[in-house]
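A short worksheet on the structure shown next.
The values are calculated or read from the model by the stated rules, or taken from the named source; none is laboratory data. Values in this document were obtained by computation on a predicted structure and should not be read as measured data. In this analysis, Cβ positions are derived from the backbone assuming ideal geometry, glycine residues included, and neighbour counts consider all displayed protein chains. With ligands, DNA and RNA removed, areas are computed over all heavy atoms of the protein, side chains included. Shrake-Rupley method; radii C 1.70, N 1.55, O 1.52, S 1.80 Å.
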Amino acid sequence: QTDLISSVDETIWEIRNISRDLYPSQLEKYGLIAAVDALIDRVTENSDIFISHDLEALGENLQDETKINFYRIIQECITNSLKYSEATALRISTQVMNGAIILTIQDNGKGFDKSVLSAEMNQYAGILNMEERVKSLLGKFELETSPGNGTKYAFTIPAKTKL
């Protein structure tokens, strides 16, 4: 019976983590910048990567859909850097230009050959997910990488604000 209780406890813990990740409570309670700060804090506590950031352009008056997509894009880029790049540092920066927010995320990792993306897309599902998120926001996504030269993600997304 203790195995069953342990299994149920573990399942409950996993469900809580999944539901928290679907719409992070920090995002709703404290806003996008605080939620990203909390994400970065969790990552740096549990890894050896150094993350610097300038998130001032992520205004809190963005629509909820835009906020969650920005959060998920940042989360996916961090995850990719941790899983694949062997990076020791990551830089997240934002700026506003011509009514759009430009989000740039760059690591100093090993990079990769972009020509393998279409051939092995199932291994690059995170990049595909980011592209879909950016398309849903009517934005633009650019990826710069090559073996030995790190990876740079650049997202230009219209700053849809609350009415």
To the nearest 0.05, what FRET efficiency results for S6 and S47 with a Förster distance of 22 Å applied to their C-beta separation? 0.20
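With every protein chain left in place, what is the accessible area per residue of segment 49-128 in square angstrom, probe 1.4 Å? If you can, show how the numbers build up before the last one.
Working: 3890 Å² over 80 residues.
Per-residue accessible area for segment 49-128 comes out at 49 Å².
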Among the lysines, which fall within straight-line cross-link reach of K152, defined as a Cα-Cα distance under 20 Å, with same-chain neighbours fewer than 8 residues apart omitted? K83, K110, K114, K135, K140
Summing +1 per Lys or Arg and -1 per Asp or Glu among the other residues with Cβ less than 14 Å from G148's Cβ gives -1
For a bin width of 5 Å, list the pair-distance distribution of segment 24-163 built from all Cα-Cα distances, rounded to whole %. 2, 10, 20, 23, 21, 14, 7, 2, 0, 0
Carbon/sulfur fraction of accessible area - segment 49-163, other protein chains in place, 1.4 Å, %: 50
Stretched out fully, how many nm does the piece from A57 to K114 gain, at 0.36 nm a residue minus the Cα gap? 17.6 nm
Report the GluC sites (Glu not before Pro) located in segment 45-108 that are in a DSSP loop and have at most 12 other Cβ atoms inside 10 Å of their Cβ, or state none. E56, E60
Would you please state which residues of segment 70-108 a label at E132 would reach in this model, taking the label point 7 Å out along Cα→Cβ and a backbone N cut-off of under 19 Å? 70-80
Overall form of segment 75-117 per C-alpha gyration tensor (a/c, 1.5; a/b vs b/c): prolate
Give the long-range amide H neighbours of I51: residues separated by 5 or more places, or on another chain, with amide H under 5 Å away, using H modelled in the peptide plane at 1.01 Å from N. L90
